[in-house]
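A.B. asks: Take this structure, written in structure tokens, and hold onto it; I'll ask about it next.
The values are calculated or read from the model by the stated rules, or taken from the named source; none is laboratory data. Because the structure is predicted, anything quoted here is derived from the model rather than measured. Here the Cβ positions follow ideal geometry from the backbone for every residue, glycine too, while neighbour counts run over all protein chains shown.
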Amino acid sequence: MLQIIRIEWLKVKSYRTFWILLLLAVAIIPAANYIGAEINSEIRDKAKDLIPLSTYDFPLIWQTMASVNSYMTALFGFPLLILVTNEFTYKTHRQNVIDGWERREFVLAKLFWWLALGVLALLISMLFAVILGLAYGTHAFSLEDSRYMFYYFLQVEVSLAIALLIAMLVRRAGLAIVLYLAYTMMIEQVLVVTIKRYVGEVGGLLPLQAGDELLPFPIVGKLMSSANRFDDGVYLLMLLVYIALMIFLVFRRMLKTDY
């Protein structure tokens, strides 16, 4: 596995497009939350009596950042889409096999990036949660409610799994990006609204929506009724099922189709 990781590193270390896309995905997390913290601070200064709690104070900040960041999970899918589709565009996946790789090892190499990008999103989010919590909050550091960061991590991994599956199925960068954007930004939302309207809360069990159900904004989440939603454990289970299913489909696609 270490040899696979080393080869993957050699592929991307001078790949400018990958690093630009990754930098944008990483930079948006502190930027968006810094703006949110500034706005929250200004509002509280003007209405302390009406808003006794700061959403950027411990322990609420874990949920706040996870909720805000959940709107930007798709950004981490673009570097993965580019990496995978380039393998097929430039036929490097064939060269890997010629060099002695098994198809399974090719998939494992892409799963390394799938996991690495998710871990990176989690670490950046947790780091800036601590920084902003200490800078804008009045409470001492606390890991209470940090489970929301785990929920966010799973949502990122589901989004990345969707990107990986689309890249494996389509194999062309332009079309893969369009399909990924269409699904994450529009198609699933239309399905969620339609299914919730005509079927019920089962619409909340779709891949990305299941993560959103676990990550309501703190104040909004307290105002919303829990009568029309499933238990958190159901959404958590669905995220894990989607991840397992999409990884299975990625392996099946690579192992059962011609190059």
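A.B. asks: Sort out which residues of the stretch 51-80 are among the aromatic types (Phe, Trp, Tyr) and either in contact with a Cys (Cβ under 6 Å, 6 or more places away or on another chain) or closer than 19 Å to Ala27 by Cα (or both), and write them in order of number.
C.D. replies: Those that are among the aromatic types (Phe, Trp, Tyr) and either in contact with a Cys (Cβ under 6 Å, 6 or more places away or on another chain) or closer than 19 Å to Ala27 by Cα (or both): Tyr56, Trp62, Tyr71, Phe76, Phe78.
A.B. asks: Looking only at the stretch 52-69, count how many residues are surrounded by fewer than 22 Cβ atoms within 10 Å (Cβ to Cβ) and closer than 18 Å to Leu115 by Cα.
C.D. replies: Looking only at that region, the number is 0.
A.B. asks: Identify, please: which residue in the stretch 204-231 is part of a helix (DSSP H, G or I) and more than 20 Å from Glu157 (Cα to Cα) and is, among those, modelled with the highest pLDDT?
C.D. replies: Restricting to residues being part of a helix (DSSP H, G or I) and more than 20 Å from Glu157 (Cα to Cα), the top hit is Pro218.
A.B. asks: Here's a follow-up. Collect the residues in the stretch 173-206 that are within 20 Å of Leu160 (Cβ to Cβ) and among the polar types (S, T, N, Q), keeping them in residue-number order.
C.D. replies: Thr184, Gln189
A.B. asks: Within the stretch 116-154, which residues are more than 18 Å from Ala27 (Cβ to Cβ), in a helix (DSSP H, G or I) and hydroxyl-bearing (Ser, Thr, Tyr)?
C.D. replies: Within the stretch 116-154, Tyr136, Tyr148, Tyr151 qualify.
A.B. asks: When you scan the stretch 176-188, how many residues do you find that are surrounded by 13 or more Cβ atoms within 10 Å (Cβ to Cβ) and free of Cβ contacts under 8 Å to residues at least 12 places away in the same chain?
C.D. replies: Of the residues in that region, 2 qualify.
A.B. asks: Restricting attention to the stretch 200-214, does a residue exist that is more than 30 Å from Thr55 (Cα to Cα) and free of Cβ contacts under 8 Å to residues at least 40 places away in the same chain? Steps first, please.
C.D. replies: Within the stretch 200-214, the first condition is being more than 30 Å from Thr55 (Cα to Cα), and the residues that meet it are 200.
Checking the rest, the ones that are also free of Cβ contacts under 8 Å to residues at least 40 places away in the same chain come to 200.
The answer is yes; a qualifying residue exists.
A.B. asks: Please count how many residues of the stretch 39-63 are at pLDDT 80 or above and out of contact with any helix residue (DSSP H, G or I) (no Cβ under 6 Å at 6 or more places or on another chain).
C.D. replies: Here is the first cut: in the stretch 39-63, the residues at pLDDT 80 or above are 39-42, 55-63.
With the extra rule that they be out of contact with any helix residue (DSSP H, G or I) (no Cβ under 6 Å at 6 or more places or on another chain), the set shrinks to 39-40, 42, 57, 59.
Total satisfying the criteria: 5.
A.B. asks: So in the stretch 1-14, with the set limited to residues that are in contact (Cβ under 8 Å) with a residue 12 or more places away in the chain and either part of a helix (DSSP H, G or I) or among the aromatic types (Phe, Trp, Tyr) (or both), which one is farthest from Glu105 (Cα to Cα)?
C.D. replies: Val12
A.B. asks: Here's a follow-up. If I filter the stretch 192-199 for residues that are part of a loop (DSSP other than H, G, I, E, B) and farther than 20 Å from Leu111 by Cα, do I get at least one hit?
C.D. replies: yes
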